[in-house]
1. On the given criteria, is Gly13 modelled with pLDDT under 95, closer than 30 Å to Pro207 by Cβ and touching an Asp or Glu at 6+ places or on another chain (Cβ under 6 Å)?
2. Specify the residue that is surrounded by the most Cβ atoms within 10 Å (Cβ to Cβ); the eligible residues are those in segment 27-63 that are hydroxyl-bearing (Ser, Thr, Tyr) and outside any helix (DSSP H, G or I).
3. What tally of residues in segment 160-175 results from selecting those that are surrounded by fewer than 24 Cβ atoms within 10 Å (Cβ to Cβ) and aromatic (Phe, Trp, Tyr)?
4. Does any residue in segment 254-267 that is under 14 Å from Ser104 (Cα atoms) come within less than 6 Å, Cβ to Cβ, of a residue that is part of a loop (DSSP other than H, G, I, E, B) six or more places away or on a different chain, and which pairs are these?
5. Out of Ala142, Ala97, report the one residue that is within 24 Å of Val84 (Cβ to Cβ), of a type outside the set (Ser, Thr, Tyr), at pLDDT 95 or above and out of contact with any strand residue (DSSP E or B) (no Cβ under 9 Å at 6 or more places or on another chain).
6. Of all residues in segment 198-216, which are part of a loop (DSSP other than H, G, I, E, B) and either over 15 Å from Thr235 (Cα atoms) or of a type in the set (Ser, Thr, Tyr) (or both)?
7. Taking Ile136 and the conditions (1) within 24 Å of Asp279 (Cβ to Cβ); (2) surrounded by 12 or more Cβ atoms within 10 Å (Cβ to Cβ); (3) not basic (Lys, Arg), which numbered condition does it fall short on, given that it satisfies the others?
8. Among the acidic types (Asp, Glu), touching a Gly at 6+ places or on another chain (Cβ under 6 Å) and modelled with pLDDT of 95 or more: which single residue out of Asp175, Asp164 fits that description?
Amino acid sequence: MPRLLMLLLLLAGCSGQHEDVHETRFMMGTLVEFTVSDCDKQEAQKAIARASRAMARIEQRFTIYGDGDNAVKRFNRTPVGTAVTLPKDVAQLLMLARKVQRASDGAFDPALGALNRLWGFSREPAPTRPPAKAQIRAAKHAPGCLIHTRKGQWLRRSDNCQLDFGGIAKGYALDRGIAALKRAGIRNAIINAGGDMRIIGSHHGKPWRIGIRHPRKSGQVLGYLALNGPMSIVTSGDYERFFIYQGRRYHHILDPASGMPAHKAQSATVLHPSASVADAWSTALFVLGPKGLARLQQLRMPALVVDTQGALHMNAAMRALFHPMR
């Protein structure tokens, strides 16, 4: 079939008024909901299947857990000081992660694999008490533990310097899922991965309406955003994976400086066209707390933080978009 005719057929399948098509998959440890608007149901379902496969491949390619092997796990096993050429996609995502690390003064760190394994929030059974302080000190890596050589290779300077893309890979999977939908001719859609979202286009000609979850009141939202794509909305919070020990909440978002769960926020939300960028920065902002909002404003990224007392803070870019609940 000529390429132009194929394109016209794809566009014809996703134009005009159609009911929304919803499908849900379980991946990356969460429910992922696909919503396609203004498209023929069969075309939408085929596109969703492609997007789902693309996202599943990202999970397999970047996870440090499970029995399967991948380039990230192999890098973490390499002897200290051994230069490794990473696959192009892994190297590119690591470069982005390092960019956010530098811009956030280390609040985001892609080399916390040893610490994250120690705390065990991504394993079964879930932890019920914190590790010993000596164990945490031993799992922390020294600053600058990852080296990018002039030849474009990567090496570790210590055994406890281990890659973990947990703070950015879900966003990257959202980006790849949306890319797959667009290749299939979808122009209006949203992918929601456990509250982290990327949108394209509009919802029946109107902006998508996105609620920002309240970190302490289940089923309630702080407010909403009315957005057209392309845009990503990513929230990091202390309410998904946590335990209470001796009256204190311990959660999975670690402060690289202390090796302990960050303690300056209940949740942090960042908007950016790239879900990878929004994912990394929401983690960094959660660690930084409200003071990090000024940095996001400098970068022209709408952002908000709920501090440890439950007070809502946002930068000017977010105030222009945020609709509080009345």
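1. On the way: modelled with pLDDT under 95: yes; closer than 30 Å to Pro207 by Cβ: yes; touching an Asp or Glu at 6+ places or on another chain (Cβ under 6 Å): yes.
Yes: the conditions hold for Gly13.
2. Ser37
3. The qualifying residues number 0.
4. Asp255/Ala262; Pro256/Gly106; Pro256/Asp109
5. Ala97
6. Scanning segment 198-216 gives Gly201, Ser202, His204, Gly205, Pro207.
7. Every listed condition holds for Ile136 apart from (1).
8. None of the other options fit; the residue is Asp164.
The values are calculated or read from the model by the stated rules, or taken from the named source; none is laboratory data. Quantities reported herein were computed from a predicted structural model and do not represent experimental measurements. Glycine also receives a Cβ, built like all others from the backbone with ideal geometry; neighbour counts cover every protein chain displayed.
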